[in-house]
Amino acid sequence: MENQDIKRDKIIEVATKRFAHYGHSKTTMNEIADDLSMSKALLYYYFPDKSALYFAVLEQLFDAHAAEIKREIEYASSSTDALGIYLRKRHEFIKKYYILLEFNKSFSREGFAQKRAQFASIREKEKSFLTSILNQGIKSGEFKITDPLQTEELIFDALLGLRLVVLEYNNSPQPDDELFNLILEKQQMLSELIIKGLKG
């Protein structure tokens, strides 16, 4: 690996820790440069602004998350088991990086629109696993559905909505372990209903 790649990876590693602890809005490039004992000018050589660094962090995290899911579902005995693994790993990932993932609160409406393509790219990576599981379930005859893409969107929206509702009802912008466990419990119950429905 070239020296520039090593430095870039080190920047992403250090930035991940700070973004995960403080979030996008409360992290500055000065702080990241200080953590690295690097000049701010050199940091900007690798990443032109904080958003560019933030999206590099997101992409690396999601790539690692996707690789972990892929490894686990390869040993799944059925599409039902693969779906259960996907949902569990997704919940663990959100719990671990919740502060970092609340990027939608860190950008203005205009800023969010400008970054829409990058958000969409990350979203597509996540969608691909769920769609693949559903397609495999259809192929094996395990799932009785006609439109896996529409089903994927429905599952994703339902899981997101459930999390938001639990947080809203408990008036908690940042959930603790107890709330996360409640969210997981409800998502598991929902998953069981979804799987029963997919099996027809």
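The values are calculated or read from the model by the stated rules, or taken from the named source; none is laboratory data. All values derive from a computational prediction rather than experimental measurement. Here the Cβ positions follow ideal geometry from the backbone for every residue, glycine too, while neighbour counts run over all protein chains shown.
Considering only residues of the range 99-129 that are polar (S, T, N, Q) and more than 19 Å from residue 65 (Cβ to Cβ), which is modelled with the highest pLDDT?
Kept after step one, since they are polar (S, T, N, Q), are these residues of the range 99-129: 104, 106, 108, 114, 118, 121, 128.
Still in the running and more than 19 Å from residue 65 (Cβ to Cβ): 106, 108, 114.
On the way: 106: 51, 108: 51, 114: 56.
This residue is 114.
Here's a check for you: in the range 170-200, which residue that is farther than 19 Å from residue 89 by Cα and more than 18 Å from the chain's Cα centre (by Cα) is surrounded by the fewest Cβ atoms within 10 Å (Cβ to Cβ)? Give the steps one after another, and end with the answer.
Filtering the range 170-200 for residues farther than 19 Å from residue 89 by Cα gives 170-174, 196-200.
If we keep only those that are more than 18 Å from the chain's Cα centre (by Cα) too, we end up with 170-172, 196-200.
Numbers: 170: 14, 171: 6, 172: 12, 196: 10, 197: 12, 198: 20, 199: 14, 200: 8.
Per the stated criteria, the residue is 171.
Please go through the range 130-146 and give me each residue that is surrounded by 15 or more Cβ atoms within 10 Å (Cβ to Cβ), closer than 16 Å to residue 191 by Cα and not β-branched (Val, Ile, Thr), ordered by number. Talk me through it step by step, then tell me what you get.
In the first step, residues of the range 130-146 are kept if they are surrounded by 15 or more Cβ atoms within 10 Å (Cβ to Cβ); the result is 130-138, 142-143, 145.
Retained after the next criterion (residues that are closer than 16 Å to residue 191 by Cα): 130-131, 133-134, 137, 142-143, 145.
The answer is 130, 134, 137, 142, 143.
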Could you tell me whether any residue of the range 46-62 is in a loop (DSSP other than H, G, I, E, B), more than 17 Å from the chain's Cα centre (by Cα) and modelled with pLDDT under 90? no
Looking only at residues in the range 134-152 that are more than 17 Å from residue 81 (Cα to Cα) and free of Cβ contacts under 8 Å to residues at least 12 places away in the same chain, which one is nearest to the chain's Cα centre (by Cα)? 150
Taking first residues from the range 88-103 that are closer than 17 Å to residue 57 by Cα and acidic (Asp, Glu) and second residues anywhere that are modelled with pLDDT of 85 or more and not in a helix (DSSP H, G or I), the pairs with Cβ under 7 Å that are 6 or more apart or on different chains are 102/23
Subset of the range 84-104, residues farther than 21 Å from residue 131 by Cβ, among the hydroxyl-bearing types (Ser, Thr, Tyr) and part of a helix (DSSP H, G or I), comes to 98
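Does residue 132 satisfy the condition of being modelled with pLDDT of 85 or more, of a type in the set (Ser, Thr, Tyr) and within 28 Å of residue 54 (Cβ to Cβ)?
Working: modelled with pLDDT of 85 or more: yes; of a type in the set (Ser, Thr, Tyr): yes; within 28 Å of residue 54 (Cβ to Cβ): yes.
Here the answer is yes, as residue 132 does meet what is asked.
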Is the range 26-46 home to any residue that is touching a residue at least 40 places away in the same chain (Cβ under 8 Å), surrounded by 13 or more Cβ atoms within 10 Å (Cβ to Cβ), at negative phi and not hydroxyl-bearing (Ser, Thr, Tyr)? no
For the range 155-169: of the residues being of a type outside the set (Asp, Glu) and surrounded by fewer than 14 Cβ atoms within 10 Å (Cβ to Cβ), which is farthest from residue 84 (Cα to Cα)? 169
